[in-house]
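Accompanying notes for the structure given below.
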Amino acid sequence: MLAELDAIKSDALSAIEAITDESGLEEARVGFLGKKGRLTAASAGMRDVPKEQKKDVGQKLNEVRTAITAALEEKGAALTAAKDAAAFASIDATLPSRPLPEGGLHPLTHVLNEAVSILRRMGFALAEGPEIETEWHCFDALNTPEDHPARNESDTFYFENGKLLRTHTSSVQIRTMEKEVPPVRIIAPGSAFRRDEIDATHLSAFHQLEGLYVDKNVTLADLKGTLEYFFRELFGSKTEVRFRPHFFPFTEPSFEVDLKLHATGKAAKWIEIAGCGIVDPAVFSEVSTKRGDAAYNPSEISGFAFGMGLDRLAMIMYGIPDLRLLIENDVRFLQQFAK
Ligand code: PHE
């Protein structure tokens, strides 16, 4: 019996040694250790082993089983390692990886980032206000009378509770003055909403950039200098800026700002881009009444405000012919601005 077990062991070890693939490995496992395997068959012979030899034979049996199992495991590991090595040999790890599709910023975001960074260099801080506004912040505090056309149901989205979607970002002027004392120098980019018929140059939801500067002795010269510098930084030093008299309820005097760009190569023409003016003292009076203090006493402070359409800026900057392209999210359009 002992001799037989030794023979099984050496047969098994040399058979395993010669194995070259996984099916060979399985064959050997079944052939020696399986239900009908040689070692299994031999161990059935334990019954006939005389009592005094059982211990030695049992030990031998275990030793042989352990040796065969270990050899099978070792061979299995070697086969796996060889397989992995072969697989990796066909991969060139020095090749550049496949490019993943990258996201990009929306053209409006590009323009906004650019505009904000110029104005921040000039000392303007970012301010915010809600898109759902009270009539007071959007109109009354901005000296806009009850019967002003902008307040009409047909121009403004009203909620049943009397609130509205702000028609301009000028409401942030009021929000800011309610909580901060002069000097105030803020910009407020954000969405605005009007019940406009949608076409190539009008959207019912659009974007504005508001500016407000309140301090002692703020003049029209400050306003002009600020906007001229801003537009030349944005569109190039040859950009012409024109201030055309206009009317806004909350500024006096008021202007519309036109730009003439010379960088685009096309025949230069004037484009209307912003509204602005010197803050009407009536606005400071409204704010003072609401605050209940003298921080915005109209006889001691003055200010300027401006508001411009960001969508319009993007159209000019990128030569976009139709505003609707900005909200359609067509990747073929947006891809052109990803950088
Ligand atoms: N709120 C005005 C508009 O939407 C623009 C404006 C802002 C004008 C600030 C003057 C001062 O048309």
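The values are calculated or read from the model by the stated rules, or taken from the named source; none is laboratory data. It should be emphasised that the depicted structure is a prediction, and the values quoted were computed from it without experimental measurement. Backbone-built Cβ (ideal geometry, glycine too); neighbour counts: all protein chains shown. With ligands, DNA and RNA removed, areas are computed over all heavy atoms of the protein, side chains included. Shrake-Rupley method; radii C 1.70, N 1.55, O 1.52, S 1.80 Å.
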Worksheet entry | Three-way shape call for the chain based on the alpha-carbon gyration tensor, with the a/c threshold at 1.5 | prolate
Worksheet item: Tell me, what is the percent relative contact order of the range 2-89, built from C-alpha pairs under 8 Å that lie six or more residues apart?
Response: 39 percent
Worksheet item: Between residue 260 and residue 94, what length in nm is gained on full extension when 0.36 nm per residue of separation is reduced by their alpha carbon distance?
Response: 54.5 nm
Response to the item:
Expressed in square angstrom to the nearest 10, the accessible area of residue 11 with a 1.4 Å probe stands at 60 Å²
Item to complete: Name the lysines eligible as straight-distance cross-link partners of residue 36: C-alpha to C-alpha under 17 Å, and not fewer than 8 places from it in the same chain.
Response: 9
Discussion item. Calculate the FRET efficiency for residue 324 and residue 217 from the Cβ-Cβ distance with a Förster distance of 45 Å, rounded to the nearest 0.05.
Written reply: 0.55
Response to the item:
Per residue, accessible area of the range 253-336 with a 1.4 Å probe, heavy atoms of protein chains only, in Å², comes to 48 Å²
Worksheet, complete the sentence: Summed over the other residues with a beta carbon less than 15 angstrom from that of residue 10, with K and R at +1 and D and E at -1, the charge totals -1
Item to complete: For the chain, give the percent of accessible area contributed by carbon and sulfur heavy atoms, probe 1.4 Å, rounded to a whole number.
Response: 53 percent
Response to the item:
Taking 169-181, 232-244, 201-213, 41-53 and ranking on average Cβ neighbours within 10 Å, highest first, one gets 169-181, 201-213, 232-244, 41-53
Worksheet item: Want the number for residue 4 to residue 131: 0.36 nm per residue separation, take away the alpha-carbon distance, what's left?
Response: 36.5 nm
Worksheet item: Applying the Karplus parametrisation 6.51 cos²θ - 1.76 cosθ + 1.60 with θ = phi - 60° to the phi angles of the range 17-25, what ³J(HN,Hα) value in whole Hz is obtained for each residue in order, glycine and proline being reported as x?
Response: 3, 7, 5, 10, 8, 6, 5, x, 5
Worksheet item: Can you work out ³J(HN,Hα) from phi for every residue in the range 276-291, in order, using Karplus 6.51 cos²θ - 1.76 cosθ + 1.60 and θ = phi - 60°, giving whole Hz and x for Gly and Pro?
Response: 6, x, 8, 3, 5, x, 4, 5, 4, 5, 4, 4, 4, 4, 5, 6
Discussion item. Leaving ligands and nucleic acids out of the surface, order 155, 258, 280 by accessible area at 1.4 Å, largest first.
Written reply: 155, 280, 258
Response to the item:
Inter-part gap, Cα centre of the range 64-88 to Cα centre of the range 213-285, in whole angstrom, is 80 Å
Worksheet item: Taking Cα pairs under 8 Å and at least six residues apart, what relative contact order does the chain come out at, in percent?
Response: 15 percent
Worksheet, complete the sentence: Per the C-alpha gyration tensor (a ≥ b ≥ c, the square roots of its eigenvalues), the range 191-317 is rounded if a/c is under 1.5, else prolate if a/b beats b/c, else oblate; here it's oblate
